[in-house]
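The values are calculated or read from the model by the stated rules, or taken from the named source; none is laboratory data. Small disclaimer: the values here were computed from a predicted structure and weren't measured. No Cβ is skipped: glycine too gets one built from the backbone with ideal geometry, and neighbour counts run over all protein chains shown.
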């Protein structure tokens, strides 16, 4: 465990946040450069997961690549929720009774958020597992902790 004041941050979260946050500026940049405002690429989230998995395997004996990858992917995929604005605009244009509109918008938010963060999490896991594999191949894996 890494102790940071009153908040305790596990090794898994430390490397997951590092990989996810490092990918956000590039994800936003690619989104902005797409010009359409409706395209979201997860390429950089894969690289953030790769970085997180590599660092986790090299720097910690108790952080798994899969757990680190999920966290890196979800954090790196957060900018994808900007697309939710367009999806909600389309869903709110539905006609019908108020209860139907509320249900449609609510379900759209839940399904879209789950899909975006789910895909990003899977991409992060793939990247982290490749990163962990690279760390093993390079021989930079930290030896396991000795038990008393």
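Some values worked out for this structure:
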quantity	calculated
Filter result for residue 134 (at pLDDT below 90, surrounded by fewer than 18 Cβ atoms within 10 Å (Cβ to Cβ) and either over 11 Å from the mean Cα position of the chain (by Cα) or not in a helix (DSSP H, G or I) (or both))	no
Test: residue in segment 66-79 that is assigned to a helix (DSSP H, G or I), at pLDDT 85 or above, closer than 26 Å to residue 12 by Cβ and out of contact with any helix residue (DSSP H, G or I) (no Cβ under 6 Å at 6 or more places or on another chain)	yes
Meets criteria (at negative phi, surrounded by 17 or more Cβ atoms within 10 Å (Cβ to Cβ) and either assigned to a helix (DSSP H, G or I) or touching a residue at least 12 places away in the same chain (Cβ under 8 Å) (or both)) for residue 111	no
Sole residue being assigned to a helix (DSSP H, G or I), in contact with a helix residue (DSSP H, G or I) (Cβ under 7 Å, 6 or more places away or on another chain) and modelled with pLDDT under 80, chosen from 91, 120	91
Unmet requirement for residue 42, which otherwise passes all of (1) more than 17 Å from the chain's Cα centre (by Cα); (2) surrounded by 15 or more Cβ atoms within 10 Å (Cβ to Cβ)	(1)
Residue 33 in a helix (DSSP H, G or I) and either at pLDDT 90 or above or surrounded by 24 or more Cβ atoms within 10 Å (Cβ to Cβ) (or both)	no
